[in-house]
């Protein structure tokens with residue numbers, strides 16, 4: 001079996017949450033969001049190695065969280081970079097052998113072990129697995145010249161994480177200079193000339209961005225705990 005590495009990006013400040021604490025450390029049912037994220041990856045694979053990217057001022061808090069989980073030997077903590085690209089590159093630079101690499105938003109705390117395992121299996125076969133769900137709202141494209149126009153929402157995919165790749169694809173792609181158009185790992189890999197492949201995502205795999213998202217996440221956790 002291929003080696004498994006997860007680069008969990010949690011280097012942001014989360015200003016849209018309106019809190020002084022970075023959102024990855026906000027509590028959900030009395031546990032930090034990051035706790036749920038890490039737990040999902042360890043439940044998916046007990047032999048996974050995780051690189052956790054945090055703001056430099058919160059490395060010590062991250063170490064305490066990892067210690068409380070008893071996972072010090074499986075988690076490496078590093079400081080984030082200027083952009084998501086640079087934060088992920090900091091993690092990629094630590095790769096020492098061929099592996100399957102998951103790049104995941106730390107505040108997508110409702111990711112399931114099943115989705116993680118599905119991404120792993122597809123990446124082994126095809127080289128990549130990009131979770132995505134179909135848009136459910138009506139979609140319009142804004143144009144500075146013509147105003148806006150409707151498009152077929154069935155053609156629109158909402159991309160999630162963990163974006164999963166064979167390590168050689170990521171290493172080669174992230175050796176390129178940074179560009180503002182690099183909004184996620186898939187765009188970087190595609191710019192390097194490689195094709196990427198989508199996989200069915202999960203509508204519950206939401207990214208905690210606004211205060212209301214915490215309420216939604218709490219409701220989802222309650223429903224899961226009923227079964």
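Among DSSP beta bridges lying fully in the chain, give the percent that are antiparallel, nearest 5. Write down the numbers at each step before the final one.
Working: 16 of 36 bridges.
If I count the DSSP bridges inside the chain, around 45 percent turn out antiparallel.
Using the Kirkwood radius built from alpha carbon pairs, what does the Stokes-Einstein equation give as D for region 75-192 at 4 °C and 1.567 mPa s, in µm² per second? Roughly 81 µm²/s, to the nearest whole number.
When a/c reaches 1.5 or more, the comparison of a/b and b/c decides; with that in mind, is region 27-125 rounded, prolate or oblate per its Cα gyration tensor? Oblate, since a/c reaches 1.5 and b/c is not below a/b.
Both radii are taken from the alpha-carbon atoms of region 145-227; with Rh as the Kirkwood radius, Rg/Rh is 1.08.
Please give the length that would be gained between residue 29 and residue 144 if that part of the chain were fully extended, namely 0.36 nm times their separation in residues minus their C-alpha to C-alpha distance (nm, one decimal).
Numbers: separation 115, 0.36 × 115 = 41.40 nm, distance 4.43 nm.
Between residue 29 and residue 144, full extension yields 37.0 nm more.
Cα gyration tensor of the chain, axes a ≥ b ≥ c as square roots of the eigenvalues: rounded (a/c below 1.5), prolate (a/b > b/c) or oblate? It is rounded, given that a/c, with a ≥ b ≥ c, falls under 1.5.
In region 3-225, Cα pairs under 8 Å separated by at least six residues give a relative contact order of 24 percent.
Rule-based calculations on the coordinates, nothing more; no lab input. Just so we're clear, the structure is a prediction, and the values are computed from it rather than from any experiment.
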